[in-house]
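Read-outs throughout are calculated quantities, based only on the coordinates presented, and are distinct from any laboratory measurement. These numbers come from a predicted model, not from an experiment. With ideal geometry, Cβ positions are generated from the backbone for all residues, glycine too; neighbour counts draw on all protein chains shown.
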């Protein structure tokens, strides 16, 4: 298969994913993008040791809110779209999930004295309690967003994410600059934003209408959702676990967090598109899902390789803005480039994952995803002594390559209409070339010119392919342009 123009129905599906998905991307990417926006200020305002603590606390938030949510977000959206109980049943699941999250959050806080030294290598502290409070607010927010996604209510979905992901970090930065230059001051603001978003989200769900579920609805939701917990946690550990490895093996958790936060930006954007992509696939008749997936995968792949390749090539300048000179940012360029490259295999993983979730047979993800991420973490740990922080970027890329392979194999086993990812030669060529360029090209002199030139060519080629047109140098004189 090629990356050529798509047929009208599939083109419409691609427009839905890229159009509505761009709005959801703002919401899904907001926490990460906000972290990116404040990193330059926070890394300059805090001592390196305090920023290391912020990085570890951020890991706790990202992982723990998934644990507290029990994977019910996926079940809530699925029930809203595919289950007879519909919207009223999904509202009940949101409230039940919020109650369970509150209980689990209290238990995690009460027992933090013994698990924090074992898991994080750090004692329980005020910063950890604030991270757990943010996690509870995040869990409530995600449950509410799962309901809003089923309703396709983009504005409140985006609003909740902005409250948590933009207002929280902004308050934290104000605390650092105006009150105290410490991790505690930053995390107070972060926790306030997440808790406010969670409470607001629950209020929106309650105000949306009656909540009336079917008998056994919670049990059925947990049967679908719980297997996705190790799956979702593992996805975050593909990033967060690498920061912990760098912190414990190299004493460079802060540097690794800078490189991975920016390098994973393309993956975050792709995950945001998934909020429009997944419901589109769920609503498509089973016999037609493969065709729609094939065409939308091509479009999402082209957008993704443009983002990941651009990040890889322009990594020196991105990092120069991200952190001051004391972070030795030139040495982080290969790590960022390799981490950015993970976004392309993530497209294949997401596409296959849609069919697994649509079938409701998620148990295999509890095995395939942890194994894939464990493989990536093992690569990073083994290479850390010789490659330094670059090993974390290699581990992130390795995890997503394994994830794409494992999820596709699982999908072909459980889906009623098994699907093979389409051949995407243009995406593959751009991916390889931009990744190698990002890792190997010098950061100054002629290397800098090649980086900027490559980024421009990448955008032109991808834009031409998405519109169904040949790039200017590939046109034959007098040839007609295919319809966009």
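Calculate the all-directions average of the projected area of region 345-433's alpha-carbon convex hull, and give it in nm².
Projected area, direction-averaged: 6.2 nm².
Sum -39500 (n - 2.57) across every DSSP H segment of at least 4 residues in the chain, then divide by the residue count to get the 222 nm mean residue ellipticity, nearest 500.
One gets -26500 deg cm²/dmol as the mean residue ellipticity at 222 nm.
Expected output is a single nm value to one decimal: the length gained when fully extending between residue 250 and residue 383, i.e. 0.36 nm times separation in residues minus the C-alpha distance. What is it?
46.8 nm
Arrange the following residues from fewest to most other Cβ atoms within 10 Å of their Cβ: 288, 127.
Fewest-to-most ranking of 288, 127: 288, 127.
Hey, fewest Cβ within 10 Å first, where do 295, 359 land in order?
359, 295
Taking the Cα centre of each part, how many Å lie between region 262-279 and region 384-422?
Taking the Cα centre of region 384-422 as reference, the centre of region 262-279 is 16 Å away.
Once every Cα of region 159-261 carries one equal point scatterer and solvent is ignored, give the base-10 log of I(q)/I(0) from the Debye formula at q = 0.11, 0.16, 0.21, 0.23 Å⁻¹, two decimals.
-0.58, -1.00, -1.16, -1.17
If you average 1/r over every pair of different alpha-carbon atoms in region 71-218 and take one over that average, what Kirkwood value in Å do you get?
That comes to 16.2 Å for region 71-218.
Measuring from label point to label point, each 7 Å out along Cα→Cβ, what is the residue 153 to residue 49 span in nm?
4.8
Taking only C-alpha pairs under 8 Å that are 6+ residues apart, what is the relative contact order of the chain in percent?
21
Between residue 374 and residue 444, how many nm apart are label points set 7 Å from Cα along the C-beta direction?
4.5
Mind listing P(r) for the chain? All alpha-carbon pairs, 20 Å bins, whole percents.
Calculated over all Cα pairs of the chain, the distribution is 24, 58, 17, 0 percent.
Specify the inter-centroid distance of region 303-361 and region 143-184, based on alpha-carbon positions, in whole Å.
23
Based on the mean of other beta carbon atoms within 10 Å per residue, what is the order of 227-235, 416-424, 198-206, most packed first?
Values: 227-235: 22.7, 416-424: 16.0, 198-206: 20.1.
The peptides rank, most packed first, as 227-235, 198-206, 416-424.
With a ≥ b ≥ c taken as the square roots of the eigenvalues of the C-alpha gyration tensor of region 266-366, please select rounded if a/c is under 1.5 and otherwise prolate if a/b is larger than b/c or oblate if it is not?
prolate
With the crude spin-label approximation of a point 7 Å out along Cα→Cβ, what separation in nm comes out for residue 207 versus residue 283?
Simple spin-label model gives 2.5 nm for this pair.
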